[in-house]
Amino acid sequence: MAEPLAHGADAFAHEPELRQAILELRAECARAKRIAVMIGAGASAEVGVPTFRGAGGLWNGLRAEDLATPAAFARDPLRVSTWYAERRAKLAAIDPGPAHFALAALERAVTARGGRFLLISQNVDGLHRRAGVSSYVDLHGTLLLDRCTRCAREHAVDFGSPRELPPRCAACGALERPAVVWFGEALSPLDWERAASAASASELFLAVGTSAVVEPAASLARLAVAHGARFFELNLEDTLNSANAQRTLRAPAGAVLPLLV
Ligand code: OAD
C-alpha cells in the first residue's frame, strides 16, 4: 500500500506525480541537517496578502517606480506613506496561515534533531515571525518597523492605529519611511551574508511562492545548487528558477507544507 501522506487523509491521491514529489520532499525534510527555505508572496497569498505579479498583484495597475523607490518617496512622501499605511491596515486584520505555521513546525523539527534551519523571506508582512519562526532573514526588510530618514532610529509600527502621514521621527522630526528595501537600494550586507551562507551550506533548499524575478534573492537557489544542495520548488506555476530545481511541486503552499513534518 502507498505511504499515507497525512493521517490517512491523502488529498493528492489523484495526482500521483505531485504525491510522489511531496513524499520525496518530506523525506528530504526528515533527513537534511541544513535546510534553507526561501519564501515569496505566494506563501502569504492564501491568507489574503496580495502577490506582486499575476492577477490581482500589487504591480498590476500600480508602478513600483511610483511607490517603492527612494525617488518616489523624495517626490511624494505622502503618496508613498499612504500606500504603505493602507497595506499595513489590511495586514492588521490578517493572521498567519497553514503555510507559515508549517514552516515554524519544520524549523522546530530540524532544530530538535540538531540541524540548522533558516527562513529567507522576501515578504515584508512579518507573518512568518508571528507563526513562530525564530530563525529568519527579512531580505527585503519589514513593514513592522519605520526608520527615520535622518537619524536612522527605528521603531515598531502599530498596524491598527491610524497616524499622521507622512510620519515624522519623534526624536529628530525628519520624515520616517518603512524599513523595507526599495527598488534601487542595496540589501543589508549582514542579511545577505546570512542568507547566502545558509544557501551555500544547505543540503535542502526549498523555494516557496516566489516568481524568482527579483535579484539577488532569486540567485540564492542557484547558489545552493552550485554548492550541492537539493533544490525543490513549490509554486502554483513555473518560475525563472524551475529549470534549476530537482523537483517542482505545482500546488498551493498551504496544502503541501503542512504535510512535510
Ligand atoms: P511575485 O508576486 O512576483 O510572485 C508570487 C509567486 O507566488 C508566483 O510565482 C505565484 O505563482 C506564486 N503563488 C501564488 N499563490 C501561491 C500559493 N498559494 N502557493 C504557492 N505559490 C503561490 O512575488 P515575489 O516572488 O515574492 O520586492 O516577489 C519578489 C519581490 O518582488 C518582492 O519581495 C517585492 C516585489 O517587488 C521588493 O519589494 C523589493
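Side notes on the structure shown:
- Listed residues Arg153, Arg247, Arg222, most fluctuating in the chain (Gaussian network, C-alpha, under 10 Å): Arg153
- Rounded to 10°, Cα long-axis angle of helix 16-31 versus longest principal axis of the chain: 80
- Surface composition of the chain: carbon and sulfur atoms hold 56% of the protein heavy-atom accessible area at a 1.4 Å probe.
- Qualifying trypsin sites (Lys or Arg not before Pro) in region 105-135, DSSP loop, other Cβ atoms within 10 Å at most 15: Arg113
- Backbone amide hydrogens, once placed in the peptide plane, bring Tyr136 within less than 5 Å of Leu119, excluding anything fewer than 5 places away on its chain.
- The GluC sites (Glu not before Pro) of region 133-186 that DSSP puts in a loop, and whose beta carbon has at most 13 other beta carbons within 10 Å, are Glu164, Glu185.
- Nearest 10 degrees, 0 to 90: helix 77-92 Cα axis against the chain principal axis: 40
- For the chain, the solvent-accessible area works out to 47 Å² per residue, with a probe of 1.4 Å and every protein chain left in place.
The values are calculated or read from the model by the stated rules, or taken from the named source; none is laboratory data. Everything quoted here is computed from the prediction, not taken from an experiment. For neighbour counting, all protein chains shown are included, and Cβ atoms are generated from backbone atoms with ideal geometry for every residue, glycine included. Quick note on the areas: whole protein, heavy atoms, side chains included, nothing else; ligands and nucleic acids left out. Shrake-Rupley method; radii C 1.70, N 1.55, O 1.52, S 1.80 Å.
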